[in-house]
Amino acid sequence: MSLIEELDSSDDHVRLRATRRAGDEGGAELVGRLLDLALHDPTEVRTTGGIAEVYEHVGSAAASGLRRILDRQDGLDERIRAAAFDLTEDDERVGTLLYYLGGRYEPVRRELADSGEERLRLRALKAMLSLHRTGELTRRGLADPSPAVRVEAIEGAKGVTLAELERMLSDPAPPVRLAAAQSLRYAADSVAYVVAACAETEPKVREAFLPGLIWRRRTDAVQAALVGYLAADGYVQRTAAGALAHADDPGVAAAIATRILVHPDERDLPELVAYEHLLRHVPELRAPLEHLHRHTPSDPLRRSLTQALAAGAAAYPGADPADGLDAAQRARLLREALRWALAALESAGAAPGDDGAEDPLGGLRAWLAAPDDDTADRWVTELDWFGAGVAAECLHAAVSGDLPRALTAGIRAARQAARSDPAPGWERLGPAADEDRAAELTRLVHLGTARQIRAGVHPLPPGPLSPLLRHGPDALRVGTHFPRPSPALQLRRPLALRFSWPPVSAVLQVPCPGCGVPLRVAGPVQWRYHDDDRVAESEDGYAGELAGECAACGAAGRARIRLSMTHGRFDDSHELTWDAVEVLGGRHE
């Protein structure tokens, strides 16, 4: 087999050996084939096995062989220059090729660096390993208009000061900030790192900042940044909560309590509930935690709640959120209370009872968006933007600086949102009880926000109240493989779902057959049938027998439930319905 045939072989090991031989024995006739392999062959071949296994890249080996051939020739090969400027080629492979070709092709690399095309400048930077880069080259990359070039400059930075890299933490491009956060993660002397971490809002960049914050000594600034990250979702929130688990600080406790009141994902709540000092600093949260404990189908969350509720009862402090606040703090609480009111009204759509304007919340949004209170008051007053209803009450409180009126308006906004979007499970107690629950949760939000302000913590942003806390005692909670949140169902009222996750468990409150107090019954749910004989939809049926034991009298309670999930054929919609329930008598042990 000739050398050219070996370079074209389908056997990876044969091609790898051929690239080595080509570098020693080949001539100009192999330049084109080796160039093609260097740019397009991504194969990695294991050349040494066992503990010390080694992999070699066929494309890189081809580039190395190509260099040895070109070193035996005069001048520069125009095919290399053409490939370097060809935008159809992969930037990483072109940069690797130029790195292997070495200083002889430095003129080509300089041409790329001076190009007006960002991808060509990126190739020029990739052609130099970080240990070969100079401070001047790195600074030029950091100042490049292309975010991709700036990222490459950060990742291979050499010869620049800490301050020069810290400036990239405030770059307008999120990928650049992400690269800077990763590069400075363990720069202990970087104060700018913590400041930038506090200001960051992009989820992926926050995730990059998080390990560096956890690694640093727990100063007030680092703790404040971690508290701000509680407002994120998923991994970032769980990790921040874990890092703060033992921080004995009333501001941290208030922030975690506020987050529990709005966060709907049961996968994240165990870390929040596991905060060591939660009920000592926020004893008012006991009732919402007991509600979660009674109703959640999530075993990890229920275990965390059991441990949290085992803490001894503490005396409630004063119920007025404004107690102990100075004038500046009261002004901050007023603004935050109105933000929560706006979030409540927005969660329910256009506010019923307003004056019919196209955007009845426009005045409140404008006041909150103004750079200062004086400007906000002038905008609203001059434009007569007050309107009517709850939004107008919020605006009048804002313009007059009346904090009690703002807090009262915030509670009215929560009640209005509950009327517009009623929660399930209030059949026996009625819609007024649903509104009372929303109002009570909002009072807790105001308390938590005030305590954050009093402790010098930047308050967490507002959001709709958690559906895990809003539903009533008659709701059926259904566990799925994607608990965000686990659905709360009202009997015979379909609930639209974003995903078709099948039910796997259920939790219901039934009267105890022995003493009549509410009793939690829970159990698995099994699939029973599939009905495909419909024009517009198909249906799957589920059933389960739920059981529990009364902690007060020891009586056993049971209930049988039936569920159905429909799948729309035309719009790919999904609806889950609690079809029936049969509460069975229990035996008194």
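The values are calculated or read from the model by the stated rules, or taken from the named source; none is laboratory data. For clarity, every value in this text was computed on a predicted model and none was experimentally measured. Cβ coordinates were reconstructed from backbone atoms using ideal geometry, including for glycine residues, and neighbour counts include every protein chain displayed. Accessible surface is based on the protein model in full, side chains and every heavy atom, while ligands, DNA and RNA are left aside. Shrake-Rupley method; radii C 1.70, N 1.55, O 1.52, S 1.80 Å.
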- Message: Taking only Cα atoms of the stretch 98-248, what ratio of Rg to Rh do you get with Rh as the Kirkwood inverse-distance radius?
- Response: 1.07
- Run the 1.4 Å probe and let me know the accessible area of W501, rounded to the nearest 10 Å². 100
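Using a 1.4 Å probe on the protein heavy atoms, what percent of the accessible area of the chain belongs to carbon and sulfur?
Numbers: 14280 of 27360 Å².
That share works out to 52 percent.
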- Message: Full-extension gain between A287 and D579, please, as 0.36 nm times their residue separation minus the C-alpha to C-alpha distance.
- Response: 102.1 nm
- Query: Taking +1 at the Cβ of each Lys and Arg and -1 at the Cβ of each Asp and Glu, which of H132, H295, A337 sits farthest along the dipole of the chain towards its positive end, judged by Cα position relative to the Cα centre?
  - Reply: H295
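Full-extension gain between D402 and R139, please, as 0.36 nm times their residue separation minus the C-alpha to C-alpha distance. If you can, show how the numbers build up before the last one.
Working: separation 263, 0.36 × 263 = 94.68 nm, distance 5.28 nm.
Taking 0.36 nm per residue and subtracting the Cα distance, the gain is 89.4 nm.
Sorted from largest to smallest, which semi-axis lengths in Å does the alpha carbon gyration tensor of the stretch 500-545 give for its equivalent ellipsoid, taking the root of 5 times each eigenvalue?
On the way: eigenvalues 199, 22, 14 Å².
They are 32, 10, 8 Å, listed largest first.
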- For the stretch 13-78, the dipole about the Cα centre with charges only on Cβ (Lys and Arg +1, Asp and Glu -1), to the nearest 20 debye, works out at 260
- Note on the structure: Looks like the stretch 500-589, by Cα gyration tensor root eigenvalues a ≥ b ≥ c and the a/c under 1.5 rounded cutoff (else prolate when a/b is bigger than b/c, oblate otherwise), is prolate
- Measuring from its Cα centre, the stretch 440-575 shows a charge dipole (+1 at each Lys and Arg Cβ, -1 at each Asp and Glu Cβ) which, in debye to the nearest 20, is 720
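Let me spell out the model: positive unit charges on the Cβ of Lys and Arg, negative unit charges on the Cβ of Asp and Glu, origin at the Cα centre of the chain. What dipole size does that give, in debye rounded to 20?
On the way: 69 positive and 88 negative charges, 337 e Å.
Dipole size: approximately 1620 debye.
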- Message: Just the number please: accessible area per residue for the stretch 1-65, 1.4 Å probe, all protein chains included, in Å².
- Response: 51
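I need the calculated FRET efficiency for the pair K204 and L491, taking r as the beta carbon distance and R₀ as 35 Å, to the nearest 0.05. If you can, show how the numbers build up before the last one.
Details: r = 42 Å, r/R0 = 1.21.
Taking R0 as 35 Å, the efficiency between K204 and L491 is 0.25.
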- Query: In whole Å, what is the distance between the alpha-carbon centres of the stretch 517-582 and the stretch 10-43?
  - Reply: 64
- Whole number in Å², please: accessible area per residue of the stretch 80-123, 1.4 Å probe, ligands, DNA and RNA not counted. 45
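Roughly what % of Cα-Cα distances in the stretch 409-465 sit above 14 Å, to the whole percent? Intermediate results must be reported in sequence, preceding the final value.
Values: 909 of 1596 pairs.
Across the stretch 409-465, Cα pairs with separations above 14 Å total 57 percent.
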- the stretch 516-589, relative contact order in percent, only Cα pairs under 8 angstrom and at least six apart counted: 27
- Accessible area of S304 in the full protein assembly, 1.4 Å probe (Å², nearest 10): 20
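With a sphere of radius 14 Å drawn around the Cβ of A311, what net charge do the other residues whose Cβ falls strictly inside it have (Lys, Arg +1; Asp, Glu -1)? Intermediate values should be presented prior to the final figure.
On the way: positive: R280, R286; negative: D248, E276, E284, E290.
Its environment carries a net charge of -2.
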- Message: How large is log10 of I(q)/I(0) for the stretch 1-120 at q = 0.09, 0.16, 0.23 Å⁻¹ when the intensity is taken from the Debye formula with one equal scatterer per alpha-carbon?
- Response: -0.25, -0.75, -1.30
- Message: Could you tell me the center-to-center distance, by alpha carbons, between the stretch 398-459 and the stretch 50-102 in angstrom?
- Response: 65
- Query: Using alpha-carbon pairs under 8 Å, 6+ residues apart, how would you state the relative contact order of the stretch 206-264 in percent?
  - Reply: 29
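Take the alpha carbon gyration tensor of the stretch 436-490, find the square roots of its eigenvalues, order them as a ≥ b ≥ c, and report rounded if a/c is under 1.5; if not, report prolate when a/b exceeds b/c, else oblate. Write out the running numbers ahead of the final one.
Details: a/c = 4.28, a/b = 1.97, b/c = 2.17.
Oblate, because a/c is 1.5 or more while a/b does not exceed b/c.
Is the C-alpha gyration tensor of the chain telling us rounded, prolate or oblate? Criteria: a/c under 1.5 is rounded; beyond that, a/b larger than b/c is prolate, otherwise oblate. Working shown, then result.
Values: a/c = 2.47, a/b = 1.69, b/c = 1.46.
Prolate is the answer for the chain, as a/c is 1.5 or above and a/b outweighs b/c.
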- Query: Using Cα pairs under 8 angstrom and six or more residues apart, how large is the relative contact order of the chain, in percent?
  - Reply: 8
